[in-house]
Amino acid sequence: MKKIFTCFLLGIAMSVMAQTPEQFSVATLNVDGLPKKILVFNVNANGPGDAGTSRIGKYFVQKSYDMMFLQEDFNYHEVLKVWLEDDYKLDEWTGDVEVVDHSIDFLHLQNHRFACDGLMGCWKNDLTVTPTPRTAWKENFGKFSHALDELVTKGFRRYEAILRGGQGVVVYNMHMDASDDADVDDGNDKKDKAARLAQWMQLKEDILSKLDSRPVIIVGDVNTLYKRDDVKKQFIDAIAETGRATVSDVFIELTKGGNYPEYDPEARVKDEDLEVLDGEMLDKILYVNPTAGTQLKPISFNVDKEGYMYDGKPLGDHYPLSATFEIAARTSIIDTLPIDAEHASSDKELYDLSGRKVSQPHSGLYIEHQGEKTNKRVVKN
């Protein structure tokens, strides 16, 4: 065994075949799918409804993004599905926000929460995407006020994608707590901001606990503005300080030269005309590059204000955000001397080429991590 391993280290001979870097597109959109009314109460009177949601579905077909991640896909899901199901595979829908067909204790409405989260993932038929179980936020604030964030089960969902070239990417889709404009005006949104920051911390811990050689994309309606939310320090910088990965906001990187708005704990910044502070949105697309893993590079970023209009008005209360990424080229390695599976799995961590950790390797090519070193190994049984 030792002789084989030494032979591998000293006598490795390889040919590397470089492939063209692959590009793919990702979009995020809150589709404004709350019902116009619940019983006699106006909930989303100006929302798109059936007709507007049908136009949103048509918009998606025209744009043909590789992966789309939606929020507030509640009461008009079937209308969207009709447009998307030919070209896309869809995530599991968690239901609507309605009184009919739901068990509700009207004597204790303060305890009611709809089980749905409104999150939906859609990906082209030629991509392989595996959703993992949904995760609810541990902290929320606002049942009958403060944007009603406790009315539904907000949270996030993690997706493990394999692109057309075989590279692995992880995507997180989420919907975070909001702040009502009236509360922002009155300086009464401190608990909203605290709940939102706690959700960023929960997200950070989940990402770091599962981080491997695959890059991570974060999308969603995060209701976050860098001037009023301490996300740059507590999330972006905190992950970088671990030395395990770097985090970037695509909008900030490509349109603001990497300069984030300075955080001000006393700032009263609210949403106006679907954007705030020189183009920043409440929706975000960020990406995480593992230090010892595959790297993403954003090629383009777009807030589609012109395309998302009908009769002079936006189709919903958010604009679509999209980004095109380039993923580092995958290399094929041939003529590599093997090591045996027993030695390969003794004191090292092995990952397959999609970034999945492997405990019992079979014959094949693996990525090996040992401390700060990253190597490629062939395991031969």
Cβ pairs under 6 Å, 6+ apart or interchain, first in the stretch 279-298 and closer than 26 Å to ARG196 by Cα, second charged (D, E, K, R) and open to solvent by less than 20 Å² (accessible area, probe 1.4 Å), ordered by first then second residue, are ASP283/ASP221; LEU286/ASP249
So how many residues does the stretch 234-271 have that are small (Gly, Ala, Ser), in a loop (DSSP other than H, G, I, E, B) and open to solvent by less than 30 Å² (accessible area, probe 1.4 Å)?
1
Could you grab the pairs with beta carbons closer than 6 Å, sequence gap of 6+ or different chains, first residue in the stretch 82-97 and more than 21 Å from ALA51 (Cβ to Cβ), second one part of a strand (DSSP E or B) and among the aromatic types (Phe, Trp, Tyr)?
LYS89/TRP123
Which condition number in (1) touching an Asp or Glu at 6+ places or on another chain (Cβ under 9 Å); (2) more than 16 Å from THR28 (Cα to Cα); (3) modelled with pLDDT of 90 or more is the one that ARG113 fails?
(3)
Provide a single number: the residues in the stretch 194-233 that are in a helix (DSSP H, G or I) and either touching a residue at least 24 places away in the same chain (Cβ under 8 Å) or open to solvent by less than 10 Å² (accessible area, probe 1.4 Å) (or both).
18
Just the residues that are β-branched (Val, Ile, Thr) and at pLDDT 85 or above, please, taken from the stretch 159-188.
ILE162, VAL169, VAL170, VAL171
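Out of all the residues in the stretch 287-294, is one or more aromatic (Phe, Trp, Tyr) and over 30 Å from SER54 (Cα atoms)?
yes
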Which one of these does GLN62 not meet: (1) at pLDDT 95 or above; (2) in a loop (DSSP other than H, G, I, E, B)?
(2)
For the stretch 1-59, enumerate the residues that are modelled with pLDDT under 85 and part of a strand (DSSP E or B).
SER15, VAL16, MET17, ALA18, LYS37, ILE38, PHE41, ASN42
Residue that is at pLDDT 80 or above, within 23 Å of ALA115 (Cβ to Cβ) and aliphatic (A, V, I, L, M), where the choices are LEU151, LEU203:
LEU203
Go through the stretch 279-306 and give me each residue that's under 23 Å from ALA238 (Cβ atoms), in contact with a Pro (Cβ under 6 Å, 6 or more places away or on another chain) and either outside any strand (DSSP E or B) or open to solvent by 40 Å² or more (accessible area, probe 1.4 Å) (or both).
THR294
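Per-residue answers, yes or no, for (1) touching a Gly at 6+ places or on another chain (Cβ under 9 Å); (2) among the β-branched types (Val, Ile, Thr); (3) within 23 Å of ASP86 (Cα to Cα); (4) modelled with pLDDT under 60:
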residue: VAL99; (1), (2), (3), (4): no, yes, no, yes
residue: HIS108; (1), (2), (3), (4): no, no, no, yes
residue: GLY118; (1), (2), (3), (4): yes, no, yes, no
residue: CYS122; (1), (2), (3), (4): no, no, yes, no
residue: ASN125; (1), (2), (3), (4): no, no, yes, no
residue: PRO131; (1), (2), (3), (4): yes, no, yes, no
residue: ALA136; (1), (2), (3), (4): yes, no, no, no
residue: ASN140; (1), (2), (3), (4): no, no, no, no
Restricting the first residue to the stretch 243-265 and requiring it to be in contact (Cβ under 8 Å) with a residue 24 or more places away in the chain, which pairs with a second residue that is open to solvent by less than 60 Å² (accessible area, probe 1.4 Å) and of a type in the set (Lys, Arg) meet a Cβ separation below 7 Å and a spacing of at least six or different chains?
ASP249/LYS284
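Can you find a residue that is of a type in the set (Lys, Arg) and at pLDDT 95 or above anywhere in the stretch 265-277? So that I can check it myself, show each step before the final result.
Of the residues in the stretch 265-277, the ones of a type in the set (Lys, Arg) are 268, 270.
If we keep only those that are at pLDDT 95 or above as well, we get none.
No.
The values are calculated or read from the model by the stated rules, or taken from the named source; none is laboratory data. This is a predicted model, so every value here is computed, not measured. Every residue, glycine among them, receives a Cβ derived from its backbone with ideal geometry; neighbour counts consider all protein chains shown. In case anyone asks, the SASA skips ligands and DNA or RNA and just uses the protein heavy atoms, side chains included. Shrake-Rupley method; radii C 1.70, N 1.55, O 1.52, S 1.80 Å.
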